[in-house]
Amino acid sequence: MHSTEPDSPEAVVALVMGAFAEPALGIDREGRIRLCNAAAARLLATEAGDLIGRPLMDLVPEAGRDAHWQALTGLAAGEGKGPVPLAAWRGDGTETKVELYLTGLGPPGPPQAPGQGDLAALAVLTPVGEPADLAAHPVLTRFLQAIVDASLDGVLAVSRDRRVLAVNRRFHELWNLPPGSVRPGTPSPSLAESQRSQIVDPDRFEAAIAWGHEHPYQGQTLEVELRDGRVIEGYSAPILDGQGVYLGRVWHLHDETQRRVERLRTEELMAQLRAAEQAQRFLLETSAVLAAATGLADTLESLARVAVPALADLCLIDVTDDRGAIARMAVVHADPRQQHLAARLRQFPPDPAGRHPSVDVMRLGRSRWSATMSDDFLSATTRDPEHMAVLRELGFASYMAVPLIADGLVLGCVTLVSCGSGRQFGPADVAFAENLAGRVALFVAKERHYERELLTSHTLQSSLLPNRLPSVEGAELAVRYLPGTRDTEVGGDFWDVAIMPGGELAVAVGDVAGHDMIAAATMAQLRSVCRAIRAQSDGPGELIRLVQDTWEHLELDRIATAVFARLEPGTGLLRVASAGHPAPLLVDAEGARFLPVQPAPPFGAPPGPPVTWEATLAPGASLVLFTDGLVEDRDRSLDDGLGLLRRAAADGPRLDAESLADHVLAAMSGSERNDDVALLVMCWRPGAPASEP
């Protein structure tokens, strides 16, 4: 044989060929003979060394070389219908008839330089007329065995009559079979009880094997679950002769268990990551809603919109009050086309004495859920046929109801419903819903606490202000006090009205800096002081001077502003003075304008001489006194607010003080206020009778 490097692929093939009893040649991609075993040399009556390097076609008579070469190259590439009959010249000059088979040794590669091509095929010379049956060709069987023994997969080749053609050691290991128990020529082990007994579903396995032989020209994949928990995955391809005749099937098998475990673990981790991402996104959206909270009802509605469709198709939020009554605060459907129908559920809040699941949740403080909702269940939990009809039309299918619990108290319930998407809720969904409910509950508890404090502070604020207006002939009065909506503390805004001994009508509006109990206390003291020394003063300016002189003795550490006015109902004489407070707005037939009152410093600041502005009003004129909460806001400057007030008063009704006060407030005040608002409107109506107190 031609010498080769002992560790080269060619050397491995040469060793295999050396064991062949049949004549065999190793052919490179250029069609040259690279290897020749002893049997081939004897058949061709020559020395092996004389054949090495010669083109294979040198063995063929010149007249038929082109046709033979085309047939051989096509056969090596998996085309054609071999074997190829040859009339081969022997070394002694005689001719012998042979048939030549080509068995590819690997995928075709790029053409190489002459003399440098890798081995491309194994040529086996056989006598003419041998049957085209793989099992009848020992050289091919041995060659196949050499290949399968080198495979890392378990390999089993079987004939069409299910006899073993080749099998390797890894196949025995996969199936826990004794080494050598499966041998070429024996029946396929798939028929043996030793193998079937290991399979979870042997009938399905046997049917798959039979399918492969019934469809000889198709590839096949198969997964087999074993009783020991392993999974074997296999792929098979048909074995065909040169004329396309089905000779059998070869299987490549490997243990898929660990890979499947890793794949499942990866899928589980990916699912967890997706769930964590969804949860994080959901919680961020929830946090954003809570950060922008504008009130209980609006915020709960926004939270319900976040919950769909992330958690369910429909979200309902019910809240209880201190008396146990249940109010349905939010109803949101994921499909806007269904929202009008879902909104009808506001008419059917849970009956505290009924069997609705949310009632049980609020009573027991534990979540309830069901993957399905039967007709009997829906019938038992609805109020009447109309209620039942709405649920049927929405397609209620699965639900979960979780309690709103904060500080150990159940404040309500969040109900999430599947109606249209086909999802069925389970424990993982309930856990996610409980996370949402926890956030909602904290917000509800905070809003309740806020509302209680707001009510308390507003009650206190009202108790510090006058509870009635005096009746004065020739004058109309209207007052409004609106506490801020963004602060639960009491404020320092105040108003006051009194009739002086000489018949003058004295009015005042003021503001103490701050929103706390100190501001409220300072306001009460300032109002009391003004009332006590008002009779000693001869006008608004004198009153401011007296308060300035008294301030140090009052030991008040807050800054306060105030504007004072006195009106003579008989003559219309108006006198006004300010201690750091915005000037009043005068509204008459000429329009609306702020009085040119020169303010003295606020109370609590270094004092300055007060200046009294005075003029005689025209009949029907109105004076608007206000605190800065009416005109100043975080969304607009003081100048913009004053301009808006002037335009609103100029366009407003001038028939009576009440109408003007309402018009001004409607034009100036939104649903949210940073500060308290005190507003006093005084209209001069000479000759008008005194109004009822």
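The values are calculated or read from the model by the stated rules, or taken from the named source; none is laboratory data. All of these numbers come straight from a predicted model, not from anything done at the bench. Virtual Cβ from ideal backbone geometry, glycine too; neighbours counted across all protein chains shown. Note: accessible area is taken over every heavy atom of the protein model, side chains too, but ligands, DNA and RNA are not part of it. Shrake-Rupley method; radii C 1.70, N 1.55, O 1.52, S 1.80 Å.
State which residue is most open to solvent (accessible area, probe 1.4 Å) when the search covers only segment 388-424 and only residues that are assigned to a loop (DSSP other than H, G, I, E, B) and within 18 Å of Leu345 (Cα to Cα). Show your work before the answer.
Taking segment 388-424 first, the residues assigned to a loop (DSSP other than H, G, I, E, B) are 395-397, 407-408, 419-424.
Remaining after also requiring within 18 Å of Leu345 (Cα to Cα): 395-397, 419-420.
Values: Gly395: 31, Phe396: 30, Ala397: 43, Cys419: 9, Gly420: 78 Å².
So the residue we want is Gly420.
Among the residues that make up segment 625-643, is at least one of them assigned to a helix (DSSP H, G or I) and open to solvent by less than 10 Å² (accessible area, probe 1.4 Å)?
Yes, segment 625-643 contains a residue that is assigned to a helix (DSSP H, G or I) and open to solvent by less than 10 Å² (accessible area, probe 1.4 Å).
Spot the failing condition for Arg323; the list is (1) open to solvent by 40 Å² or more (accessible area, probe 1.4 Å); (2) under 15 Å from Cys413 (Cβ atoms); (3) not acidic (Asp, Glu), and only one is missed.
(2)
Check whether at least one residue in segment 136-143 is at pLDDT below 85, among the small types (Gly, Ala, Ser) and more than 29 Å from Ala88 (Cβ to Cβ), and report yes or no.
no
Can you tell me which residues in segment 28-38 are modelled with pLDDT under 80 and either open to solvent by 10 Å² or more (accessible area, probe 1.4 Å) or within 60 Å of the chain's Cα centre (by Cα) (or both)?
Kept after step one, since they are modelled with pLDDT under 80, are these residues of segment 28-38: 28-31.
Matches in segment 28-38: Arg29, Glu30.
Contact list please: Cβ distance under 8 Å, first residue in segment 163-181 and at negative phi, second residue in a loop (DSSP other than H, G, I, E, B) and among the hydroxyl-bearing types (Ser, Thr, Tyr), pairs at least six apart or on different chains.
Going by the 8 Å Cβ cut-off, the qualifying pairs are Arg163/Thr186; Arg163/Ser188; Val164/Thr186; Val164/Ser188; Asn168/Ser151; Arg170/Ser151; His172/Ser181.
Here are some residues: Leu567, Leu546. Which one is among the hydrophobic types (A, V, I, L, M, F, W, C) and over 18 Å from His581 (Cα atoms)?
Working: Leu546 fails: over 18 Å from His581 (Cα atoms).
From the options Leu567, Leu546, the qualifying one is Leu567.
Check segment 39-50 and report whether any residue there is modelled with pLDDT under 80, in contact with a helix residue (DSSP H, G or I) (Cβ under 8 Å, 6 or more places away or on another chain), surrounded by 20 or more Cβ atoms within 10 Å (Cβ to Cβ) and under 17 Å from Val124 (Cα atoms).
Taking every residue of segment 39-50 in turn, none turns out to be modelled with pLDDT under 80, in contact with a helix residue (DSSP H, G or I) (Cβ under 8 Å, 6 or more places away or on another chain), surrounded by 20 or more Cβ atoms within 10 Å (Cβ to Cβ) and under 17 Å from Val124 (Cα atoms).
Those residues that are in a helix (DSSP H, G or I) and either within 16 Å of Pro601 (Cα to Cα) or free of Cβ contacts under 8 Å to residues at least 24 places away in the same chain (or both), I need them from segment 508-530; list them, please.
Answer for segment 508-530, where residues must be in a helix (DSSP H, G or I) and either within 16 Å of Pro601 (Cα to Cα) or free of Cβ contacts under 8 Å to residues at least 24 places away in the same chain (or both): Ala521, Leu526, Ser528.
Go through (1) surrounded by fewer than 19 Cβ atoms within 10 Å (Cβ to Cβ); (2) at negative phi one by one and return the number of the condition Gly234 breaks.
(1)
Restricted to segment 56-92, and to residues that are open to solvent by less than 50 Å² (accessible area, probe 1.4 Å) and not aliphatic (A, V, I, L, M), which residue is modelled with the lowest pLDDT?
Gly82
For Val547, all conditions in the list (1) in contact with a Leu (Cβ under 8 Å, 6 or more places away or on another chain); (2) assigned to a helix (DSSP H, G or I); (3) modelled with pLDDT under 90 hold save one; what is the number of the exception?
Going through the list (1) in contact with a Leu (Cβ under 8 Å, 6 or more places away or on another chain); (2) assigned to a helix (DSSP H, G or I); (3) modelled with pLDDT under 90, Val547 breaks only (3).
Restricting attention to segment 229-266, report how many residues are out of contact with any Ser or Thr (no Cβ under 9 Å at 6 or more places or on another chain), over 17 Å from Leu156 (Cβ atoms) and in a strand (DSSP E or B).
Qualifying residue count for the region: 1.
Could you identify the single residue in Ala327, Ala279 that is among the aliphatic types (A, V, I, L, M) and at pLDDT 85 or above? Can you show your working first?
Numbers: Ala279 fails: at pLDDT 85 or above.
Exactly one of Ala327, Ala279 is among the aliphatic types (A, V, I, L, M) and at pLDDT 85 or above, namely Ala327.
Mind listing just one residue for me: the one in segment 183-225 that is β-branched (Val, Ile, Thr) and either more than 16 Å from Leu253 (Cβ to Cβ) or surrounded by 13 or more Cβ atoms within 10 Å (Cβ to Cβ) (or both) and, of those, nearest to the chain's Cα centre (by Cα)?
Val224
Just to verify a result, which residue in segment 167-207, among those that are over 23 Å from Leu152 (Cβ atoms) and among the basic types (Lys, Arg), is modelled with the highest pLDDT?
The qualifying residue modelled with the highest pLDDT is Arg204.
Among the residues of segment 418-433 satisfying the criterion of being of a type in the set (A, V, I, L, M) and out of contact with any Ser or Thr (no Cβ under 7 Å at 6 or more places or on another chain), which is farthest from Ala401 (Cα to Cα)?
From segment 418-433, those of a type in the set (A, V, I, L, M) are 428, 430-431, 433; that's our starting set.
With out of contact with any Ser or Thr (no Cβ under 7 Å at 6 or more places or on another chain) added as a condition, the list becomes 428, 431, 433.
Numbers: Ala428: 13, Ala431: 11, Ala433: 8 Å.
Among them, the one singled out is Ala428.
Quick one: in segment 565-599, which of the residues that are surrounded by 23 or more Cβ atoms within 10 Å (Cβ to Cβ) and over 18 Å from Cys683 (Cβ atoms) is farthest from the chain's Cα centre (by Cα)?
In this case the residue turns out to be Ala577.
Using beta carbons and a limit of 6 Å, which pairs, at least six apart or on different chains, have the first residue in segment 28-40 and closer than 13 Å to Leu59 by Cα and the second one open to solvent by 10 Å² or more (accessible area, probe 1.4 Å) and among the basic types (Lys, Arg)?
Correct list of pairs: Ile33/Arg54.
Of the residues Leu623, Leu585, Leu660, Leu644, which is without any contact (Cβ under 8 Å) to a residue 40 or more places away in the chain and not aromatic (Phe, Trp, Tyr)?
On the way: Leu623 fails: without any contact (Cβ under 8 Å) to a residue 40 or more places away in the chain; Leu585 fails: without any contact (Cβ under 8 Å) to a residue 40 or more places away in the chain; Leu660 fails: without any contact (Cβ under 8 Å) to a residue 40 or more places away in the chain.
Going through Leu623, Leu585, Leu660, Leu644 in turn, just one is without any contact (Cβ under 8 Å) to a residue 40 or more places away in the chain and not aromatic (Phe, Trp, Tyr): Leu644.
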